[in-house]
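Here, each number is a calculation from the coordinates, and none is a lab measurement. Being a predicted model, the structure only gives us computed values, none of them experimental. Cβ atoms come from the backbone with ideal geometry, glycine included; neighbour counts cover every protein chain shown.
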């Protein structure tokens, strides 16, 4: 059985995968802003380089290292690469303990290119998991981001609810790791509401995504829908 210390490390790593580490572990404001820009840039090489210090200090690196990398890949639409990386993670006690990490990645993968009903099921289950200890602002951010992940799954399943688009837009601003994932979810939700100009804002300034990123297809398809003249169905 995993020790209490390792369980605490796994709980902390869950926050890393949710994109919170960039704001809580880097003391200098300049470094925080730099890392935020990197995570929003869509430059996966630079993002993985920013991850490197954390990866070298992980407990159970054969399990948690691939999980972290798969999360970064999934958050940038690289579904096939993320699945291959996830398959390389060593199964065992750490794998079982990293349930939040796995559901986070699985929700993104299924929402972007897979079983969207399963993505919604995973996201809703993630919202029901215990919260990290301590309370306060950190717990509020985790709650908000979990809710945004469910809103993302609903958007891609075409089941958006009132307020989902705004929640996704807020998550894009506050959670750099999933910045573009949330912006595309927000664009889908705004389009469902017929708010094409707002959807265009979510699609503006997108990086040039590589061919193996689902975001390349999303950008082309959603921009085409958002740019249609008013009154066009």
Inset, instruction - Report the calculated FRET efficiency for residue 52 and residue 129 (r = Cβ-Cβ distance, R0 = 35 Å), to the nearest 0.05. - result: 0.80
Legend entry - Cα centroid of the range 78-152 to Cα centroid of the range 165-229, whole Å: 20 Å
Inset, instruction - Taking the Cβ of each residue in 78, 202 as the centre, tally the other Cβ atoms inside 10 Å and list the residues starting with the fewest. - result: 78, 202
Legend entry - Gained length - residue 115 relative to residue 96, 0.36 nm times residue gap less alpha-carbon distance: 4.6 nm
Legend entry - Residue order, fewest to most surrounding Cβ atoms within 10 angstrom, among 205, 113: 205, 113
Legend entry - Sorted by Cβ neighbour density within 10 Å, fewest at the top, the residues 83, 88: 88, 83
Inset, instruction - Give the calculated FRET efficiency between residue 140 and residue 211 to the nearest 0.05, with a Förster radius of 35 Å applied to their Cβ-Cβ distance. - result: 0.35
Legend entry - Kirkwood Rh (inverse of mean 1/r, distinct Cα pairs), the range 94-233, angstrom: 15.5 Å
